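The values are calculated or read from the model by the stated rules, or taken from the named source; none is laboratory data. From a predicted model like this one, the values you see are computed outputs, not experimental measurements. Counting neighbours? That spans all protein chains shown, and the Cβs are built from the backbone with ideal geometry, glycine included. Note: areas computed on protein heavy atoms with side chains; ligands, DNA, RNA excluded. Shrake-Rupley method; radii C 1.70, N 1.55, O 1.52, S 1.80 Å.
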There are 2 protein chains.
Amino acid sequence: MKYIYGIDIGGTFIKYGRFDENFNLLEKWELPVDSSKFAERLAPFVAGGILVDMEKQGIKDEDIIGIGMGCPGTITADTVIHGADNLKLNNISVVKAMERFIKTEIVMENDANCAALGEYYFGNGKEFDSMAFLTLGTGVGGGVIIDGKLIKGYSNAAAEFGHIKVDDNETKACTCGLYGCLEQYCSATGISKLSGGEFTPKEIFTIIKYPEFSESELYSKVKEIYDRFSYKLAKGCSIISAVINPAVFVIGGGVSNAGDVLLDGVKAEFKKLAYSGAKDTEFKISGLKNDAGIYGAASLFKR
Amino acid sequence: MKYIYGIDIGGTFIKYGRFDENFNLLEKWELPVDSSKFAERLAPFVAGGILVDMEKQGIKDEDIIGIGMGCPGTITADTVIHGADNLKLNNISVVKAMERFIKTEIVMENDANCAALGEYYFGNGKEFDSMAFLTLGTGVGGGVIIDGKLIKGYSNAAAEFGHIKVDDNETKACTCGLYGCLEQYCSATGISKLSGGEFTPKEIFTIIKYPEFSESELYSKVKEIYDRFSYKLAKGCSIISAVINPAVFVIGGGVSNAGDVLLDGVKAEFKKLAYSGAKDTEFKISGLKNDAGIYGAASLFKR
């Protein structure tokens, strides 16, 4: 039997998955990371997690088809990570460092792109030829896949959906320095801000889902926030649609744990905002949830 | 010698080009069309223009590699034209009708996509792997090509750049029924409207190009219109960039005859509006001008 490891590198956990050659997930686990020494320790740390598993399972280097990794930031063709500022990873090649520990093919891709690949091949994008994946977490990221091909952009800046300008009148700057970015309204932080810090995204979506448990005044207040969120996200999606007209939008990230209640408003607004030929574009919530990243990292060995 | 015909079907003229097998344009001509009987006469009309040329040149059916055609509207995989409302072409297959007259392979693609292919292979997109082509004419259309592949969208509605929402506060509807579409500001009609009907796009760009010939009051007035146009087009491009991050924007269509003066304002605004990793995206004016369509139609036989 041959194996593929799919790794998802994040700021608090590194997620691991061991897959067979047909991309069936055999086992998954995660290890907490100490971000203060993240950069210098990352390669042996990631490799260690795999080596322990290989030892336990009696897997040899030659049994491994490859190790795929997803990581924040821009991964250039020479496997170097750039600008993963939150993790203090810049100008570092984890791939090259890891090749000293395990003799197999090791590849790396941006984490949002990995999650998109996971959804496209194994999640709720799998019945569609083309997909725009939006991840609503601390920020808003994403990935575009058309006919099995990841669209990365000439400077690796494609699918920066969080920085589509969706508000002309915004006076507060986004973390990127621009004004009116999608991320300012549809990330977890953005949604909280829409509510003036009064509600978490989870509270908002729960109240909308179970209106019978809320007083009408509270419900109206939350409904207004929900409507604003829905409008902004639908506007972003209608713009993406006018550019690439994907067959499906898949929404992932922590905020998507709300489930289909998140989609109801977005779908209704999208029908109003999208160009006529694209109004029936499908919307889905992530099917793989937190596992999208490890699936997608493994799928880098799909050939 | 083998030949390819590239045809560009428009509302007032049908443009023809005869190319050799290496896509060198050997001869081009155009024929005026009578749009009142456009639909029923189109196939014999288009074929006639080719047959006359074949007769003159002594070209036989078997000397022809193929005939490529660009046409407004949506061309589905069965070669049927849908929704080319201006030309009253709907639910008609010109390809199938023409196959009765000339025995060769005949293919058809949307005209904006053809113009994009022309620029990508033979015009100002040819040094770049990925390109967004915007055509500023009566409306605003376009095409996206990434690694030689045309992005058409699941319902053939990709690259509908004219209907990207770039203004939240617009109260007048676009021809498509939406509000604040790029087309409402950056098409030839849109630019005139920006000036309250006072100036044509040509007048605006000429005054900006030669400020020394205008009184300062007139210049200021026109500069304001030019700045609004530049901002809207740059905003549209920054949004396209956040989705696909193309290496170059090529601007074609009648409005682009203004030349590089059109780009100066757009490039400056784009630097302010684009996401950090994409600020140095290149901008070019169409290199093939009115011939982009016939080149692109011929390029459908590039394999």
Verdict on A:Glu282 being at pLDDT 95 or above, open to solvent by 10 Å² or more (accessible area, probe 1.4 Å) and under 18 Å from A:Val144 (Cβ atoms): yes
Cβ-Cβ under 9 Å pairs, at least 6 apart or on other chains, region A:7-19 side more than 15 Å from A:Thr138 (Cβ to Cβ) and without any contact (Cβ under 8 Å) to a residue 60 or more places away in the chain, far side of a type in the set (Gly, Ala, Ser) and surrounded by fewer than 20 Cβ atoms within 10 Å (Cβ to Cβ): A:Ile14/A:Gly49
Any hit, region A:52-59, residues being modelled with pLDDT of 90 or more and polar (S, T, N, Q): yes
Selected residue (only one of B:Asn113, B:Asn124 is under 23 Å from B:Thr281 (Cβ atoms) and part of a helix (DSSP H, G or I)): B:Asn113
Hits in region B:1-39 - residues which are of a type in the set (Phe, Trp, Tyr), in a strand (DSSP E or B) and under 16 Å from B:Phe122 (Cα atoms): B:Tyr5, B:Phe19
Residue that is farthest from A:Glu109 (Cα to Cα) [pool: residues in region A:148-174 that are more than 8 Å from every other protein chain (Cβ to nearest Cβ) and surrounded by 19 or more Cβ atoms within 10 Å (Cβ to Cβ)]: A:Val166
Checklist (1) open to solvent by 10 Å² or more (accessible area, probe 1.4 Å); (2) part of a helix (DSSP H, G or I); (3) touching a helix residue (DSSP H, G or I) at 6+ places or on another chain (Cβ under 7 Å); (4) under 30 Å from A:Thr74 (Cα atoms) applied to B:Val261, failing item: (4)
Cβ pairs under 6 Å, 6+ apart, first in region B:275-295 and touching a residue at least 24 places away in the same chain (Cβ under 8 Å) and facing chain A (nearest Cβ under 9 Å), second assigned to a loop (DSSP other than H, G, I, E, B) and β-branched (Val, Ile, Thr): none
Complete set of residues in region B:81-102 that are open to solvent by less than 20 Å² (accessible area, probe 1.4 Å) and within 22 Å of B:Gly142 (Cβ to Cβ): B:Ile81, B:Ala84, B:Leu87, B:Leu89
Residues of region B:19-45 satisfying the condition of being open to solvent by less than 10 Å² (accessible area, probe 1.4 Å) and at pLDDT 95 or above: B:Phe19
Residue match in region B:264-278 (condition: among the hydrophobic types (A, V, I, L, M, F, W, C), assigned to a helix (DSSP H, G or I) and in contact with a Leu (Cβ under 6 Å, 6 or more places away or on another chain)): yes
Yes/no for B:Gly143 being at pLDDT below 95, within 11 Å of the chain's Cα centre (by Cα) and either more than 11 Å from chain A (Cβ to nearest Cβ) or crowded, with 24+ Cβ neighbours inside 10 Å (or both): no
Residue match in region A:117-128 (condition: under 16 Å from the mean Cα position of the chain (by Cα), surrounded by fewer than 24 Cβ atoms within 10 Å (Cβ to Cβ), under 25 Å from B:Ala247 (Cα atoms) and more than 8 Å from chain B (Cβ to nearest Cβ)): no
